[in-house]
């Protein structure tokens, strides 16, 4: 009970910190769907779609579609390669004025997972090659991303069916040029594991780009499929 109260207190502190950085009426929203479909004990496909709005009401700021191939080295480590398409929209209070720029993106990543008692950790390292086209210019950018995620089950010792959990992450984005800092994302959410291969998450994220910070409400659905005949086995 004391542990649960402590975790709830931590979530309140983080949520208040995020909320204090901007007013709710200035916040945006993200609707997200993620899927991992395993086709072999060592291989799976990744797919996701994210609808990102300028405000809480739907008015598209960015539409991101990403897919990839994952190679599972063992139960806790994987490497991936993939492609993403990103459409960026311009917007004002009166009218949605259409696509401002579009981006074709190749990405590669490496994930390591570990646990300590009830705390589950994920380290994600990602490289991106970005081709951005707009009406005025075309650009190419390389970017490096690092994410640290911590997930904490509440009513069970591990995240399994019918488990309520908290999840937090911080992710920093760096360009490979003379002004490296691109953005930082700080996120906190409460989630529920519906069945072993699916959960939902409701969260709040503060995204800092340059010196400006904007907050986003987020709702995510995570649904995985397994068509392999064997479970992954940890390499010895």
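The values are calculated or read from the model by the stated rules, or taken from the named source; none is laboratory data. Predicted, not measured: the structure shown is a model, and the values here were computed from it. When we count neighbours, we look across all protein chains shown, and the Cβ atoms used for this are built from the backbone with ideal geometry, even at glycine.
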- Message: Here is a check on your reading of the model: is residue 223 within 23 Å of residue 126 (Cα to Cα) and within 13 Å of the chain's Cα centre (by Cα)?
- Response: no
- Item | residue 110, sole failed condition from (1) over 21 Å from the mean Cα position of the chain (by Cα); (2) at pLDDT 95 or above | (1)
- Message: I'd like the full set of residues that are touching a helix residue (DSSP H, G or I) at 6+ places or on another chain (Cβ under 7 Å) and under 19 Å from residue 207 (Cα atoms), limited to region 141-185.
- Response: 168
- Give the residues of region 22-67 that are in contact with a strand residue (DSSP E or B) (Cβ under 7 Å, 6 or more places away or on another chain), in a loop (DSSP other than H, G, I, E, B) and free of Cβ contacts under 8 Å to residues at least 60 places away in the same chain, sorted by residue number. 54, 55, 59
- Residue list for region 36-61, filter: surrounded by fewer than 18 Cβ atoms within 10 Å (Cβ to Cβ) and either under 19 Å from the mean Cα position of the chain (by Cα) or within 20 Å of residue 220 (Cα to Cα) (or both): 37, 45, 47, 49, 51, 55, 56, 57, 58, 59, 60
- Unique residue being under 19 Å from residue 43 (Cβ atoms) and in contact with a strand residue (DSSP E or B) (Cβ under 7 Å, 6 or more places away or on another chain) when the list is 85, 104, 75, 70: 70
- Note on the structure: The number of residues in region 111-138 that are farther than 30 Å from residue 156 by Cα, touching a strand residue (DSSP E or B) at 6+ places or on another chain (Cβ under 7 Å) and outside any strand (DSSP E or B) is 0
- Message: Out of everything in region 184-212 that is assigned to a loop (DSSP other than H, G, I, E, B) and in contact with a strand residue (DSSP E or B) (Cβ under 9 Å, 6 or more places away or on another chain), what residue ends up being surrounded by the fewest Cβ atoms within 10 Å (Cβ to Cβ)?
- Response: 210
- Item | Count of region 113-140 residues which are closer than 20 Å to residue 74 by Cβ and free of Cβ contacts under 8 Å to residues at least 12 places away in the same chain | 2
- Restricting attention to region 141-180, report how many residues are in a strand (DSSP E or B) and without any contact (Cβ under 8 Å) to a residue 12 or more places away in the chain. 0
